[in-house]
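A short write-up of the structure that comes next.
Computed from the coordinates by the stated procedures, all read-outs in this text should not be read as laboratory data. Computed from a predicted model, the values in this text were never measured in an experiment. Virtual Cβ from ideal backbone geometry, glycine too; neighbours counted across all protein chains shown.
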């Protein structure tokens, strides 16, 4: 299993090269993006983030003070904007109540404790929490998504009904616990899933893992 998972990473990196993911100008922007990207594509999230940037609102304190009714229209392109505005406000309340809005203070907390705290925030599930931990705070947590499950299932590394944490544990056990590796591998799996290992009409004949 170690060789299989490791070989997938090496083949994808050789084919695609570094993905430079997550595209953001700050840790806080990553956190906002992780919440906004739920159930939508990244181009829609970029539009929403650019709207916030133009309004000079990509700041934890400013968004914390901004009323939810004013936030919602600014992130409309991300879809489910009223729900996502509420989720962002819930996260901001947690950030300020627990860490006074200080991301550095937040980053110093034990990874598993912080993960449990994030999962208690309304609207933040495992994938969003782990994206915040890995990409914004530099914690060695492997992010699992639908692409990971689809690719590993099709290559018979897992059962189709495997749950999030079981798949995450599998990856963590069979890879070196390294932030850079986890970051790059997840991004490469997303690239493969979008361009080749599609849900419908997969391009198996030209897949780098064929």
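Quick look at the values:
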quantity	calculated
The chain: angle of helix 179-195 to the longest principal axis, Cα-based, in degrees nearest 10	70 degrees
Among 190, 109, 32: highest mean-square fluctuation, GNM of the chain, C-alpha pairs under 10 Å	109
The chain: projected area of the alpha-carbon convex hull, averaged over directions, in nm²	11.6 nm²
Estimated 222 nm signal from helices in the chain, with DSSP H stretches of n ≥ 4 weighted -39500 (n - 2.57), rounded to 500	-18000 deg cm²/dmol
FRET efficiency for residue 160 and residue 70, using Cβ-Cβ distance with R0 set to 41 Å, rounded to 0.05	0.40
Relative exposure of 135, 9, judged by other C-beta atoms within 10 Å (fewest first)	9, 135
Pairwise Cα inverse-distance average, inverted: Kirkwood Rh of segment 1-67 (Å)	14.2 Å
Nitroxide proxy distance, nm - points 7 Å out along Cα→Cβ at residue 179 and residue 25	2.2 nm
185, 28, 16 arranged by Cβ crowding within 10 Å, fewest neighbours leading	16, 28, 185
C-alpha long axis of helix 2-16 to longest principal axis of the chain, angle in °	70 degrees
Size of segment 41-110 as Cα extents on the principal axes (Å, biggest first)	33, 23, 21
Likely footprinting exposure, 207, 197, 120, 15, fewest C-beta neighbours within 10 Å first	120, 15, 207, 197
FRET efficiency, 1/(1 + (r/R0)^6) with R0 35 Å, evaluated for residue 194 and residue 109 via beta carbons	0.60
Percent of C-alpha pairs per 5 Å bin, segment 129-210, short to long	3, 15, 25, 25, 17, 11, 3, 0
FRET efficiency estimate (nearest 0.05) - Cβ-Cβ, residue 40 to residue 122, R0 25 angstrom	0.85
